[in-house]
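Participant: I have a structure here, written as structure tokens, and I will follow up with some questions on it.
The values are calculated or read from the model by the stated rules, or taken from the named source; none is laboratory data. What you are looking at is a predicted structure, and each value in this text was computed from that prediction instead of being measured. Cβ atoms come from the backbone with ideal geometry, glycine included; neighbour counts cover every protein chain shown. Only protein heavy atoms, including side chains, enter the accessible area calculation; ligands, DNA and RNA are left aside. Shrake-Rupley method; radii C 1.70, N 1.55, O 1.52, S 1.80 Å.
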Amino acid sequence: METPKLQQLPLGISIFSEIRNEGYLYVDKTEYLYNLITQGRRYFLSRPRRFGKSLLVSTLKEIFAGNKLLFKDLWIETSDYAWEPHGVIVLNFSELSIKNIDTFENELLSTLLDIAQSYEIAEPIQAISPGHVLKYLVQKLYKKFGKVAILIDEYDYPILNTLDDQKKAEKIRAFLHDFFSTLKDLDEYITFIFITGVSAFAKAGVFSGLNNLTLITLDPPWSTICGYTDQEIDQYFTPHIQAWADKKNISYNELRKQIKDWYNGYKFGVGVIPVYNPFSFMHALDKQNYENFWLQSGPPSFLIKEIQKNYRIIEKEMLHLKSFEVLADFLSIFDVGLVPLVSLLFQSGYLTITHFDQEKWAYTLDYPNYEVRIAMEQYLLSVFTQTDIHQIRDFVL
């Protein structure tokens with residue numbers, strides 16, 4: 001009997017139009033996006049790296065562009081969404097050079113001018129600054145479409161990757177504050193703003209000039225907007241899992257339990273459904289093997305540098321970690337020159353919420369799954385504390 005052909009997995013692809021046009025498997029998140037669009041106007045979402053933020057932004061871009069054909073057979077196609085074309089400004093700050101503040105400003109300026117050109121909007125006579133061009137572009141797009149959406153991905157990348165140079169990081173943060181403040185005066189023109197990142201610099205004044213930005217990072221209704229739930233795993237990936245189970249000569253349910261132990265467990269809020277890391281899960285399906293795919297893709301340099309600086313403080317606590325408790329507000333303390341390691345580990349996806357004590361107003365944190373525990377034990381702590389890996393295993397196991 002011939003083995004049925006499996007739908008191709010979108011490994012490393014975060015462009016929605018490519019996934020849909022090329023027939024890659026897509027887990028339908030469009031109901032969440034419909035709710036975002038219809039229930040509010042200004043959002044900030046924090047999630048760990050490689051957790052689907054960029055795909056979310058790309059999907060929003062196509063919705064606002066009115067490209068309904070790309071959404072055939074998805075939830076939003078059957079909704080009452082009007083599909084009115086917007087002028088869409090998409091900025092991915094991780095694609096811009098952060099060699100110094102000048103190169104960052106120049107590349108952002110160039111990106112905005114490219115967007116203007118793509119809409120056949122004449123370049124402003126004086127392109128004084130990115131903020132100036134942004135204002136010009138928004139006003140021109142509003143004249144052309146009557147509606148403008150602004151989508152910013154990885155807003156904090158330039159800050160996180162200069163944390164080892166506090167003066168540079170502070171300059172970039174100050175520049176971003178001024179840049180985002182430009183949006184405050186454009187409120188009447190902008191229908192929708194969606195900003196993503198890893199960190200909570202939103203609490204540290206970067207967005208203080210931006211009115212009414214709703215932080216949805218730990219809001220239960222949005223806890224599964226990124227990542228995959230158990231229900232989605234079984235709905236979309238059953239043929240892939242069955243093929244892997246057949247190869248291993250074990251039952252589907254047995255393999256599902258193993259996959260769950262390795263890649264599930266992220267909780268973005270209190271009393272919410274846990275989700276799988278989509279990057280690691282799909283790579284495991286593709287390889288039909290358990291590996292630490294998330295770490296292999298490259299641990300974030302900013303986290304490595306902070307662990308190097310703080311390893312003497314965290315070594316014993318993290319090696320013996322079963323779970324520990326932190327005040328809820330502590331997870332939001334995040335600023336240049338003040339980066340609590342526990343907060344950084346939580347926001348980077350190395351720790352997750354397992355319980356909330358309302359009386360103490362405190363979260364209990366733990367590793368989300370086996371993949372992350374192994375990442376901490378076998379790589380981050382062993383390398384950066386220069387501790388022998390066998391000693392670490394003796395501590396933890």
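Participant: Any idea of SER14's accessible area? Nearest 10 Å², probe 1.4 Å.
Facilitator: Here the residue's solvent-accessible area equals roughly 50 Å².
Participant: From the phi of every residue in the range 15-27, what ³J(HN,Hα) in whole Hz does the Karplus formula 6.51 cos²θ - 1.76 cosθ + 1.60 yield, where θ is phi - 60° and glycine or proline is x?
Facilitator: 3J(HN,Hα) across the range 15-27, in whole Hz: 9, 4, 4, 5, 4, 6, 5, 9, x, 6, 5, 10, 7.
Participant: Could you calculate, for the range 21-102, the ratio of the Cα radius of gyration to the Kirkwood radius, expressed as Rg to Rh?
Facilitator: Taking Rg over the Kirkwood Rh, I get 1.01.
Participant: For TYR119 and ASP286, compute 0.36 nm times the residue count separating them, minus their Cα-Cα distance, and round to one decimal in nm.
Facilitator: Values: separation 167, 0.36 × 167 = 60.12 nm, distance 3.88 nm.
Residue separation times 0.36 nm, minus the Cα-Cα distance, leaves 56.2 nm.
Participant: How long is the gain from SER110 to TRP75 if the chain were fully straight, where each residue apart is worth 0.36 nm and the alpha carbon distance is subtracted?
Facilitator: Full-extension gain reported as 9.0 nm.
Participant: Let me ask something additional. Under the Kirkwood approximation for Rh and a Cα-based Rg, what ratio Rg/Rh is obtained for the range 220-272?
Facilitator: Working: Rg = 12.8 Å, Rh = 12.2 Å.
Using Cα coordinates only, the ratio equals 1.05.
Participant: Which lysines, if any, have their Cα less than 19 Å from the Cα of LYS248, not counting same-chain residues under 8 positions apart?
Facilitator: Within the straight-line limit of under 19 Å, LYS248 reaches these lysines: LYS5, LYS257, LYS260, LYS287.
Participant: Okay, moving on. Would you tally the net charge around GLN117, using a Cβ to Cβ cut-off of less than 14 Å, leaving GLN117 out, and scoring K and R as +1, D and E as -1?
Facilitator: Working: positive: LYS140, LYS144; negative: ASP114, GLU120, GLU123.
Combined, the nearby Lys, Arg, Asp and Glu give -1.
Participant: When Lys and Arg each count +1 and Asp and Glu each count -1, what net charge do the other residues less than 9 Å away from PRO10, Cβ to Cβ, add up to?
Facilitator: Every neighbour counted, the sum reads -2.
Participant: At 0.36 nm per residue, minus the direct Cα-Cα distance, what do GLN296 and ILE101 gain on full extension? Give it in nm, one decimal, please.
Facilitator: Full-extension gain reported as 67.2 nm.
Participant: To continue, here is another question. Restricting attention to the range 67-145, which trypsin sites (Lys or Arg not before Pro) occupy a DSSP loop and are surrounded by at most 14 other Cβ atoms within 10 Å?
Facilitator: Those that pass, being in a loop and sparsely packed, are LYS72, LYS99.
Participant: What is the total of Lys pairs in the range 109-245 with C-alpha atoms under 25 Å apart, excluding same-chain pairs fewer than 8 positions apart?
Facilitator: Lysine pairs, 8 or more places apart or on different chains, close enough: 15.
Participant: At 7 Å along Cα-to-Cβ for each site, give me the label-to-label distance between LEU6 and GLN139 in nm.
Facilitator: 5.4
Participant: Among PHE51, GLN7, LEU74, pick out the residue whose Cα is farthest towards the positive end of the charge dipole of the range 1-83, where Lys and Arg carry +1 and Asp and Glu carry -1 on C-beta, about the Cα centre.
Facilitator: PHE51
Participant: Over the range 1-96, what is the mean sequence separation of C-alpha contacts under 8 Å (at least six apart), divided by residue count, expressed as relative contact order in percent?
Facilitator: That works out to 28 percent.
Participant: What list of ³J(HN,Hα) couplings, whole Hz, do you get for the range 156-169 from phi and the Karplus terms 6.51, -1.76, 1.60, once you set θ to phi - 60° and write x for glycine and proline?
Facilitator: 8, 3, x, 7, 4, 8, 10, 4, 6, 10, 4, 5, 5, 4
Participant: Let me ask something else. What spacing in nm lies between the two simple spin-label points modelled at ALA328 and ILE15, each 7 Å away from Cα in the Cβ direction?
Facilitator: Spacing of the two 7 Å Cα→Cβ label points: 4.2 nm.
Participant: Using modelled amide H (1.01 Å from N, peptide plane; none on Pro or chain starts), what sits under 5 Å from the amide H of GLN8, excluding residues fewer than 5 places away?
Facilitator: LEU25
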